[in-house]
Amino acid sequence: MDFEPSAKSAEYLKRVKTFIQDEITPVEADFWAGIRAANNGSDWKRWSVPPMLETLKAKAKAAGLWNLFLPDEKLGAGLSTLDYAPIAEETGRSLLAPTVFNCNAPDSGNMEVLWKYGSDEQKAQWLTPLLNGEIRSAFCMTEPDVASSDATNMRATAVVENDQIILSGKKWWSSGIGDPHTKILIVMAHTPDFSKGPHQQHSMVLVPIDTPGVTITRMLPVFGAYDEPHGHGEVHFKNVRLPLSNFIAGAGRGFEIAQGRLGPGRIHHAMRCIGAAEAALDLMVHRGMKRVAFGKPVMMLDGNRERLAEARMAIDQARLLTLYAAWKIDKVGAKAAMTEISAIKVVAPNVLQRVTDMAIQIHGGAGVSDDTPLPAFFIQGRSIRIADGPDEVHKAVIAKIELEKRGYKKR
């Protein structure tokens, strides 16, 4: 078992670090200030993307730092899951970097779905412009009217009627749906025509956002923030008619595709969380050593040094667990690495939330303002503990596998 990055990974990591340092860090604060000034909260129809982003993306593409997540040497960087892990961590230190490198969620996961399961026609129509950074996408799975931690509860339907799919239902927390460049949705829905078991009754459907019957009803704030110009929206589908060719890999393949999408995606989330935790730790140390109270640097007061040590240990433990999960995915595939994937999905966001909370406390009032990225990091950690399956579901998966190892089946 060797977690040492390959020479190719190390070279990409060095270039990514340099690009972030030279091109992104000097302008990131101004970028987000411009976003807040130009966009009007929940009124997503008026959201816009600063031209600065396209300039940065063009520079990243020209530098060959593009689609680094995709393990295809022609379309991406051709990196293994393990080799991409430290690069994802580095981009996670910045709120802007994943988008600049075209490695941001949910687009990266949607691109992986189309790359792995899409037809030639679907790839030409949607994957190519996504890979080129010309459009954006959203993933619609969670629903407002059911407990979505159990995806078999899904009420949205994709009914086959002659040569068409009739899509109806509601989705929410559809990340990216407010972006003015979002053109395609991947929607998971129940296909009642198929009754091959609870995990063969759902399908993934490609839905152009301007299809008649598709209505975005609102953007949902997270702790009061709308995440402009990205957004997390509620969208309703009313008798949306689509050709059968808009099924991804055919009807009834939804759960299979979801697991193929979410396995590597959870690694990406985990590594970005670790990068964000490292950035929060940097801010915590610098603030704690520069601010003086009661005659000492704040970091030297009370139990702050212990908290610093606890943060260091927690981040390193999370990183090692995530690297192990990435290594195991590469060796035996995502299905055989379910324990490790679920474990890092629980551990990494919790570590980010905890370390960011420590950093906020050291900063005092500044820690809950937009003067630092700490509030955004905290929101990221807390939200990911729900997204892609809540902590409790992943713990249940781990427990189930442990029981089955010992001959105990689910009762």
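Out of curiosity, is residue 241 part of a strand (DSSP E or B), surrounded by fewer than 24 Cβ atoms within 10 Å (Cβ to Cβ) and at pLDDT 90 or above?
Yes, satisfied.
Can you say whether residue 305 is within 13 Å of residue 280 (Cα to Cα), outside the structural domain of residue 34 (by TED's automatic domain parsing), outside any loop (DSSP other than H, G, I, E, B) and in contact with a helix residue (DSSP H, G or I) (Cβ under 9 Å, 6 or more places away or on another chain), as far as the supplied structure shows?
On the way: within 13 Å of residue 280 (Cα to Cα): no; outside the structural domain of residue 34 (by TED's automatic domain parsing): yes; outside any loop (DSSP other than H, G, I, E, B): yes; in contact with a helix residue (DSSP H, G or I) (Cβ under 9 Å, 6 or more places away or on another chain): yes.
No.
Filtered by the rule that a residue be touching a residue at least 40 places away in the same chain (Cβ under 8 Å) and more than 28 Å from residue 394 (Cβ to Cβ), segment 135-173 gives 135, 160, 163, 164, 165, 166, 167, 168. Here 219, 204, 188 are screened, and the one residue that is in contact with a helix residue (DSSP H, G or I) (Cβ under 8 Å, 6 or more places away or on another chain), at pLDDT 95 or above, of a type outside the set (Asp, Glu) and more than 21 Å from residue 111 (Cα to Cα) is 219. Take the conditions (1) at pLDDT 90 or above; (2) in contact with a helix residue (DSSP H, G or I) (Cβ under 8 Å, 6 or more places away or on another chain); residue 261 misses just one of them, which is (1).
Looking at segment 43-59, I want the residues that are hydroxyl-bearing (Ser, Thr, Tyr) and have a partner that is assigned to a helix (DSSP H, G or I) with Cβ atoms under 7 Å, at least 6 apart or on another chain. Which pairs are those? From residues that are hydroxyl-bearing (Ser, Thr, Tyr), the pairs are 48/38.
Filtered by the rule that a residue be of a type in the set (Val, Ile, Thr) and farther than 15 Å from residue 18 by Cα, segment 85-120 gives 99, 113.
Of all the listed residues (375, 349), the sole one being part of a helix (DSSP H, G or I) and surrounded by 22 or more Cβ atoms within 10 Å (Cβ to Cβ) is 349. Residues in segment 361-375: is at least one more than 13 Å from residue 270 (Cα to Cα), charged (D, E, K, R) and not assigned by TED's automatic domain parsing to the domain that holds residue 93? Scanning segment 361-375 turns up at least one residue that is more than 13 Å from residue 270 (Cα to Cα), charged (D, E, K, R) and not assigned by TED's automatic domain parsing to the domain that holds residue 93. Of all residues in segment 261-283, those being farther than 19 Å from residue 322 by Cβ and out of contact with any Leu (no Cβ under 7 Å at 6 or more places or on another chain) number 1. Filtering segment 15-24 to residues that are over 21 Å from the mean Cα position of the chain (by Cα) and either surrounded by 12 or more Cβ atoms within 10 Å (Cβ to Cβ) or touching a residue at least 60 places away in the same chain (Cβ under 8 Å) (or both) leaves 15, 18, 19, 23. For segment 312-357, the tally of residues that are free of Cβ contacts under 8 Å to residues at least 40 places away in the same chain, within 25 Å of residue 382 (Cβ to Cβ) and of a type in the set (D, E, K, R) stands at 4.
The residue that is nearest to the chain's Cα centre (by Cα), counting only those in segment 111-161 that are basic (Lys, Arg) and surrounded by fewer than 21 Cβ atoms within 10 Å (Cβ to Cβ), is 116.
Note on segment 94-153: residues that are among the small types (Gly, Ala, Ser) and closer than 17 Å to residue 235 by Cβ total 3. Among the residues of segment 170-202, those identified as closer than 15 Å to residue 236 by Cβ and not in a loop (DSSP other than H, G, I, E, B) are 170, 171, 172, 173, 174, 185, 187, 189.
Of the helices (runs of 4 or more DSSP H) entirely within segment 77-131, those holding at least 3 residues that are at pLDDT 95 or above, within 22 Å of residue 248 (Cα to Cα) and out of contact with any strand residue (DSSP E or B) (no Cβ under 7 Å at 6 or more places or on another chain) occupy 107-117, 128-131. Quick one: would you say residue 362 is among the hydrophobic types (A, V, I, L, M, F, W, C), under 20 Å from residue 148 (Cα atoms) and buried (at least 19 other Cβ atoms within 10 Å of the Cβ)? For residue 362, the condition - among the hydrophobic types (A, V, I, L, M, F, W, C), under 20 Å from residue 148 (Cα atoms) and buried (at least 19 other Cβ atoms within 10 Å of the Cβ) - is not met.
The values are calculated or read from the model by the stated rules, or taken from the named source; none is laboratory data. Here the structure is a predicted model, which is why all the values come from computation and not from measurement. In this analysis, Cβ positions are derived from the backbone assuming ideal geometry, glycine residues included, and neighbour counts consider all displayed protein chains.
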